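Engineer: The following block contains the structure, expressed as structure tokens.
The values are calculated or read from the model by the stated rules, or taken from the named source; none is laboratory data. Bear in mind the structure is a predicted one, so any value in this text is a computation, not a measurement. Please note: Cβ atoms are built from the backbone with ideal geometry, for glycine as well, and neighbour counts cover all protein chains shown. Protein only, heavy atoms only, side chains kept; ligands, DNA and RNA dropped before computing areas. Shrake-Rupley method; radii C 1.70, N 1.55, O 1.52, S 1.80 Å.
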Amino acid sequence: MNYMQENQYLKREQGEGQIAVLIDFENVGLDSIQFLFDQISDTGRIIVKRAYADWATESKRRDQILELGIEPIHLFRTTSGGKNASDIRLAIDAIALLYTSPVDTFVIVSSDSDFVPLTSKLRSEGKTVIGAGREAIASRTLITACDRYIYLDVPVTPPSTPKNSPSSLLR
């Protein structure tokens, strides 16, 4: 581990890391994005938030994305089969950020196994990769390729207090 990687590791461990959140909107959507931001808040500071989609067809969600402070990356559909345009742009942006920014933690919001090579590249360069997506469709290979994977469709509930415990009797 070189000096730069060691410094980034120490920052991540202290919760001072620089985070990029890249959202494959067409694969995941926005329903649990605030939940995701809360889950990764102890990891560091989010300095890049981008969501990739054809926003002309997703105009109803545009206001929500702007309220969350996410930069919408618009991809025009030139053919009916332009399904992978957002995947390709997300990967290009991740590699650009890898070499031109202080980002040390990448959050890839997708359930798509197409991101496994990207995840492997980021990790081989000493970056932490957190994946996030819906459990029902999450690719097992993507889950194992990430350092951590957060399921966006599984609500986290606080542990319930047994009825006879001392804290439940104090009201």
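Engineer: So for the pair R123, I92, with labels modelled 7 Å out along Cα→Cβ, what separation do we get in nm?
Structural biologist: 2.6 nm
Engineer: Got a sec? What order do Y99, Y151 fall in by accessible area at 1.4 Å, biggest, i.e. largest, first?
Structural biologist: Details: Y99 135, Y151 60 Å².
The ranking, largest first, comes out as Y99, Y151.
Engineer: Can I ask one more? Modelled label-to-label distance, A56 and D31, 7 Å Cα→beta-carbon offset: nm?
Structural biologist: Roughly 2.8 nm, to one decimal.
Engineer: Follow-up. Given L36, A56, G69, which one lies farthest toward the positive end of the charge dipole of the stretch 33-77, if we put +1 on the Cβ of every Lys and Arg and -1 on the Cβ of every Asp and Glu?
Structural biologist: Value: A56.
Engineer: Considering the zone a paramagnetic label at E16 would reach in this model (a point 7 Å from Cα along the Cα-to-Cβ line), which residues of the stretch 105-144 have amide N under 15 Å from it?
Structural biologist: No residues fall inside that zone.
Engineer: Also, quick follow-up: Which of the trypsin sites (Lys or Arg not before Pro) across the stretch 19-121 are loop residues per DSSP, with 13 or fewer other Cβ within 10 Å? Intermediate results must be reported in sequence, preceding the final value.
Structural biologist: On the way: sites: R45, K49, R50, K60, R61, R62, R77, K83, R89, K121; in loops: R77.
Loop-located and lightly packed - R77.
Engineer: Now, a different point. Convert each backbone phi in the stretch 55-67 into a coupling constant with the Karplus relation 6.51 cos²θ - 1.76 cosθ + 1.60 (shift: θ = phi - 60°), then list the ³J(HN,Hα) values in order as whole Hz, x for Gly and Pro.
Structural biologist: Using θ = phi - 60°, the values come out as 6, 5, 8, 10, 4, 5, 8, 4, 4, 4, 5, 5, 4 Hz.
Engineer: Sticking with the crude label model, points 7 Å out along Cα→Cβ, report the distance from S41 to A136 in nm, one decimal please.
Structural biologist: So the two model labels end up 2.8 nm from each other.
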